[in-house]
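The values are calculated or read from the model by the stated rules, or taken from the named source; none is laboratory data. Since the structure is predicted, the reported quantities are computational estimates derived from the model, not experimental observations. Cβ coordinates were reconstructed from backbone atoms using ideal geometry, including for glycine residues, and neighbour counts include every protein chain displayed.
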Amino acid sequence: MANLAKKLSHYDARGRARMVDVSAKAATDRTATASAFVALSAAVLRALPKNPKGDALEVARLAGVLAAKRTSDLIPLCHPLPLTLVDVELVKRRGGIAITARAKTKAETGVEMEALVAASVAALTIYDMCKALDKGIEIREIFLLEKTGGKSGDYRRAKATAKQ
């Protein structure tokens with residue numbers, strides 16, 4: 001377990017889960033962008049504008065923004081962060097909805113989880129808004145596209161999917 005603790009910062013020397021102490025780190029600008037894809041049938045895509053629950057894409061966008069703000073309430077060892085931006089974009093594509101979520105902060109730790117939670121909850125909200133039409137909706141391809149800032153440096157996913 002000692003080797004694991006050296007590689008994974010959320011474990012102490014005895015292998016117990018812990019919140020990382022970031023108090024010695026400098027607050028720096030950090031961004032993260034994540035994506036998700038909600039696979040919908042052609043019939044569900046056509047029905048979106050007539051959804052009696054309302055504009056599914058706008059509700060999902062707002063749900064993603066709100067979820068990013070609550071990430072530390074959902075992920076046990078995640079630090080609460082002062083988010084300076086959360087932006088969630090939903091675009092109709094052939095076969096479904098492509099979601100891109102971006103988060104930004106000036107803090108001692110990154111916003112990858114906030115972007116991932118925003119994309120995930122936006123996808124789940126589309127499912128909720130459309131499940132009466134099709135229980136076979138699939139949420140796919142949730143992943144980090146890029147992040148900037150922090151000790152580990154910048155990251156950009158080598159290859160995005162064709163749907164993004």
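For segment 117-128, indicate whether the set of residues that are buried (at least 22 other Cβ atoms within 10 Å of the Cβ) and farther than 21 Å from residue 75 by Cα is non-empty.
Yes, because at least one residue in segment 117-128 is buried (at least 22 other Cβ atoms within 10 Å of the Cβ) and farther than 21 Å from residue 75 by Cα.
Just name the residue that is modelled with the lowest pLDDT out of those in segment 20-35 that are farther than 15 Å from residue 82 by Cβ and surrounded by 12 or more Cβ atoms within 10 Å (Cβ to Cβ).
It comes out as 20.
Just to verify a result, which residue in segment 49-61, among those that are touching a residue at least 24 places away in the same chain (Cβ under 8 Å) and not in a loop (DSSP other than H, G, I, E, B), is farthest from residue 132 (Cα to Cα)?
Narrowing segment 49-61 to residues touching a residue at least 24 places away in the same chain (Cβ under 8 Å): 51, 53-54, 56-57, 59-61.
Then drop every residue that is not not in a loop (DSSP other than H, G, I, E, B), which leaves 56-57, 59-61.
Numbers: 56: 13, 57: 16, 59: 16, 60: 16, 61: 20 Å.
Restricting to residues being touching a residue at least 24 places away in the same chain (Cβ under 8 Å) and not in a loop (DSSP other than H, G, I, E, B), the top hit is 61.
Output the residues belonging to segment 128-142 that are closer than 13 Å to residue 98 by Cα and more than 13 Å from the chain's Cα centre (by Cα). Show your work before the answer.
Let us first name the residues in segment 128-142 that are closer than 13 Å to residue 98 by Cα, namely 138-142.
Passing the criteria: only 138.
Can you name the residue in segment 32-47 that is in contact with a Leu (Cβ under 8 Å, 6 or more places away or on another chain) and of a type in the set (Val, Ile, Thr) and, of all such residues, is nearest to residue 147 (Cα to Cα)?
33
Give me the residue from segment 146-164 that is closer than 16 Å to residue 30 by Cα and touching a Phe, Trp or Tyr at 6+ places or on another chain (Cβ under 9 Å) and, out of that set, surrounded by the most Cβ atoms within 10 Å (Cβ to Cβ).
Here is the first cut: in segment 146-164, the ones closer than 16 Å to residue 30 by Cα are 146-156.
Subsequent filtering for residues that are touching a Phe, Trp or Tyr at 6+ places or on another chain (Cβ under 9 Å) retains 146-148.
Working: 146: 16, 147: 22, 148: 17.
This residue is 147.
Which of the numbered conditions does residue 14 fail, given that it passes all the others? Conditions: (1) among the charged types (D, E, K, R); (2) without any contact (Cβ under 8 Å) to a residue 40 or more places away in the chain; (3) surrounded by 17 or more Cβ atoms within 10 Å (Cβ to Cβ).
(3)
What strands (runs of 3 or more DSSP E) lie completely within segment 77-149 and have 2 or more residues being touching a residue at least 60 places away in the same chain (Cβ under 8 Å) and either at positive phi or of a type outside the set (A, V, I, L, M) (or both)? Explain how you work it out, then say what you get.
Values: elements: 83-93, 96-107, 138-148.
Of the strands (runs of 3 or more DSSP E) lying wholly inside segment 77-149, those with at least 2 residues that are touching a residue at least 60 places away in the same chain (Cβ under 8 Å) and either at positive phi or of a type outside the set (A, V, I, L, M) (or both) span 96-107, 138-148.
Out of all the residues in segment 76-92, which are within 15 Å of residue 107 (Cβ to Cβ), surrounded by fewer than 18 Cβ atoms within 10 Å (Cβ to Cβ) and among the β-branched types (Val, Ile, Thr)?
84
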